[in-house]
1. Going highest first, how would you order 605-614, 141-150 by mean Cβ packing within 10 Å?
2. Under the Kirkwood approximation for Rh and a Cα-based Rg, what ratio Rg/Rh is obtained for segment 527-674?
3. What does the highest-first list of 673-682, 322-331 look like by mean Cβ count within 10 Å?
4. Could you work out the mean projected area of the convex hull around the alpha carbons of segment 620-661, in square nanometres to one decimal?
5. Using only Cα atoms, what Kirkwood radius does segment 200-294 have, in angstroms?
6. Could you order peptides 657-663, 285-291, 297-303 by the average number of other Cβ atoms within 10 Å of their residues, highest first?
7. Which aspartates and glutamates, if any, have their Cα less than 17 Å from the Cα of Lys161, not counting same-chain residues under 8 positions apart?
8. Show Lys225, Lys375 ordered by accessible area, largest first, where the area counts protein heavy atoms only and the probe is 1.4 Å.
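The values are calculated or read from the model by the stated rules, or taken from the named source; none is laboratory data. All values reported here derive from a predicted model rather than from experimental measurement. Neighbour counts are summed over all protein chains in view; Cβ atoms, including those assigned to glycine, are modelled from backbone coordinates with ideal geometry. Just the protein is used for accessible areas: all its heavy atoms, side chains included, with ligands, DNA and RNA removed. Shrake-Rupley method; radii C 1.70, N 1.55, O 1.52, S 1.80 Å.
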Amino acid sequence: EGAVEMRGRVVRCGARELARELADGLEARGRSGSAVDAAPAFGTKSPRQSRVASLSGRLSNAAQKAMASPRASHLKKTRAAPTLTDEAVQELRRFEEACEAGGRAGSEAARKQLLASPESAAALNFALSNATTSKSASDFQLGILAMELAGALCELAEFDKDTQNLFRTSNLLEHACLFLHTSFSRPKQAAANADWHLTAYHVRCALVLFNAVVEREANRDTMVKSGGAAALALALEDNSMAVDQNLVSDAAILLSNASFGDDKRKAEIGRSAIGSLEKACARHQNTVDVVMHVALAYRNLSYNCEPNQILIVSENEGAALKQLLVFVSRFCTLDESKDTNSQLSKKALQQRVAVHQALVALANITAIREDLREKVVLASALETVMIVVERANTQILALEGDLVSALKIEDIGRDVDDVVAILRNSSAKTATAQQRIGTLGLIGTTIQVVQSLCGAALRLHEASSRTALSNTLASGLVDRTIEWLRHAAFLPENRERILSCGALTNIIVAAIVHAATSQDGGASSLLREARACEAAILALGNSVFNAPPAIDAAGRAGAVEAVVGLARKHGTSLEVARSALRCLRALVEKNERNGAAFMECGALGFVVDQMRRFPSEDAVQEQGCALLLGSSLNDGNLHLLRQSGAHEVAMYAIEQHPKHRGIHLHAALLLQRLNGASADDVRVSRANVERLARTARLKRRGTFATKSIFSAA
């Protein structure tokens, strides 16, 4: 408490002196037009030190004299500049006196009164606004004083909602942004003059102000619309600023925070900031603090924002994308040194965060556009994430049973989760990624790590409690892994890899069995949402499609019963029903064991129920008719089929979908089988299709075409 009070006294002292110098400077400006002293270089003093004390009183005195200046009167008539009044100067003086009195409550009240309205803050706003258009170096220096005082006011503030809004409603935030942007936009010959040059110290004053208000959505809008974000981007391109790694890091944090919320604002920040961040960070690629925060900025700027994703991938030949890949590959090999408390070193923790932010940024970039996924893959992103997976595998094997293990395993799990998100996004509708994922060995290596981390959640016998993730993190990782495997399984060669590495039975089927048999309501259970269930069932169906060994392995692991059970838990979901029927058809066709399991678990009733629940959905009707037809090939199932209402749903499907050839084919063959036709006569074959076509032509001329029926089947 004593330290906090001491700091408050120092800040109040600095703010008091800044207010005094600003008032004095405005009075001196009105009296003789003489310039104030230039601000010192960054690092000598700060608003908390005596530097601030030597600046402030002159601003109040200058305000009174400026009112009599012919130039000031002219400005008030020709443009919408802040109006400087006696009352505004007195507000600045009252704030100075309150700070000099030393009381915290008094200075806080005076600060709020100073920012209560545009009129009460007119002295500050006038100094900032006038500096943006004036050709006088002394006016520019007064603007610098006002910016410093704004930073000091923020240091005094307790950042509740009302306090943050005061900086916007008093117009101080807007004028500070305009001043900063104008300062960096001046012609080079003017900026080369020391009297016109902002130092890193002045930019830091602006950062203090921006960080004080950026939490509020309206303040972020004002900051961006007034040029504050663009000004920071220009500052990062200034050589004298970019060499300061702390300033680059702080600016990256501010730009990241400002990008939260509105997508248009995010895109506007990205247009000016992404290239500047890349160039500034290029100077500090070995500085983990800078890398960590620049990667965070890329992450937030790219989240659900296509324009920024395009800029990261394409601007300057994809320099920002290459930076992200370098971040991952360079800092993936962590510093595992420990301090005396057996905790990971600060550097190692920062490296973990840097890798995490870069991986999430890559996941964001690959989430929406297929063309961007292709470019990310061609930039060797998959080779880069392979490094992360291999490193995670090595770390898991080396874990010791100490107190750090629990912390490490969660960090490893988050990195692997990020990698899986990238693999999932990259492989969606991207054949290049699907092929490269297989050839690089990412399927086998990643699945090995996921099984180690999530084995306990999946109830695997080989699960180790020493390397088990928390249930919440494990369930999310399993869900994303299944979504990725759903896309990867489009390639036949990847289906073989998914089977051989155990992903089919130990991840996909195990998750479906777990979700089908677990009780509802558990926060950690797998596949809780209907969308996740649909993805898991589709992943299973894709992984076994036209792959007899995979079909047999899935059936022995209980896939048929689990799919039916899971679909029943989400009985009202059309997506789950549609995917379940397709998957069941892939599992039971041409596999007697799975066909028997299908009948034993009551799947026949499930199929009929889904056809009745979704009569207008052609996919449900076609897959349902095909499943019922397949079951009818076994003579022992005919009695159950007749009892279940298969005849009625088949007839209704034909009536509801008069032009759907697939439904007509399977339903007609099913009806013939139920009416006594032999199994050989109702199998889907060219001979039977042609026979049906001839029958149809006799009943309705030209309705069916033999070739198209066979193709549709």
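1. Descending packing order for the listed peptides: 141-150, 605-614.
2. 0.94
3. Descending packing order for the listed peptides: 322-331, 673-682.
4. With the hull built on Cα positions only, its mean projection is 2.9 nm².
5. For segment 200-294, the Kirkwood estimate is 13.0 Å.
6. 297-303, 285-291, 657-663
7. Of all the aspartates and glutamates, those that pass the test against Lys161 - Cα under 17 Å, at least 8 places apart if same chain - are Glu108, Glu215, Glu217, Asp221.
8. Highest to lowest solvent-accessible surface, that is Lys225, Lys375.
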